[in-house]
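A short worksheet on the structure shown next.
Values quoted throughout were computed directly from the atomic coordinates according to the rules given, and no laboratory measurement underlies them. Keep in mind that this is a model prediction, so the values were computed, not measured. As a convention, Cβ positions derive from the backbone with ideal geometry for all residues, glycine included, and neighbour counts pool all protein chains shown.
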Amino acid sequence: MDIHHRIAQRLRELRSARGYSLDALAERSGVSRSNISLIERGESSPTAAVLDKLAIGLGVALASFFDDGSEGGEGMQAPSPHIRAADQPRWQDPASGYVRRRLSPPAPSPLQLVEVVFPPGQRVALDSAVPGADIHQQVWLLEGRMELTVGDTLWPLAAGDCLAMQLNQPIVFHNPGTAPARYLVALATVAPFAAFTPFAPPAPLGPLGPRSQPPARVTAPTTTPPTARRKP
């Protein structure tokens with residue numbers, strides 16, 4: 001399926017699953033009703049910033065727009081746990097020119113892998129605050145240089161560096177170099193209290209993410225927070 005039709009289909013599916021009208025989603029996301037309608041009909045190519053606003057309005061991660069959508073029903077073949085490199089869907093942000101390639105196969109998984117090639121000098125600002133979901137992300141820089149501002153903290157990354165963050169605050173991606181940067185993104189939905197009760201069973205999943213459950217009585221190990229450079 002063409003990537004623009006995939007985004008259009010996923011937006012319709014996600015909006016319908018939540019029972020939102022075009023007007024309701026427009027109010028929740030800050031994206032105009034006419035723009036949403038054009039995207040759903042495959043007549044407009046949304047930028048990363050617009051998809052981010054729609055994702056927040058729907059209560060999902062931006063990566064949800066690149067999923068294969070509803071699982072196969074009765075009589076349909078189950079999603080494959082394997083995907084060839086040639087079949088991995090690619091999408092280019094019309095505003096910044098960054099290219100996103102979904103590496104993960106169609107089979108359902110709590111983990112998603114994405115490769116990004118980010119042009120030099122470009123900047124993309126995302127709100128990334130997904131309500132009702134505990135989504136974690138790690139960025140592993142493979143080539144070039146990147147600067148990520150997570151909340152108020154600026155993190156300069158060189159090749160080989162890896163940065164972990166939670167999608168509950170604004171994130172700005174910037175390539176300050178003169179060559180394209182390439183990095184791997186891993187996203188995962190984590191059950192509440194997982195960081196503190198490693199032996200507790202995972203929480204049941206609701207439509208927007210894990211539902212809370214009482215923590216197991218396990219003593220949490222003491223950790224020291226990493227040192228970060230505060231943005232001036």
(message) Using the Cα centre of region 1-154 as origin and beta-carbon charges of +1 (Lys, Arg) and -1 (Asp, Glu), tell me which of L141, I56, I7 is placed farthest towards the positive end of the dipole.
(response) I7
(request) Express the relative contact order of region 99-183 as a whole percentage, based on alpha carbon pairs under 8 Å and six or more residues apart in sequence. (result) 38
(request) Treat every Asp and Glu Cβ in region 1-95 as -1 and every Lys and Arg Cβ as +1, leave all other atoms uncharged, and give the resulting dipole magnitude about the Cα centre to the nearest 20 debye. (result) 180
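Given the Cα-Cα distance of L142 and A188 and 0.36 nm per residue of separation, how much length would full extension add, in nm?
Here the segment from L142 to A188 would lengthen by 14.6 nm.
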(request) In nm, give the distance between the simple-model label positions of S34 and A129, each being 7 Å from the Cα along the Cα-to-Cβ direction. (result) 2.9
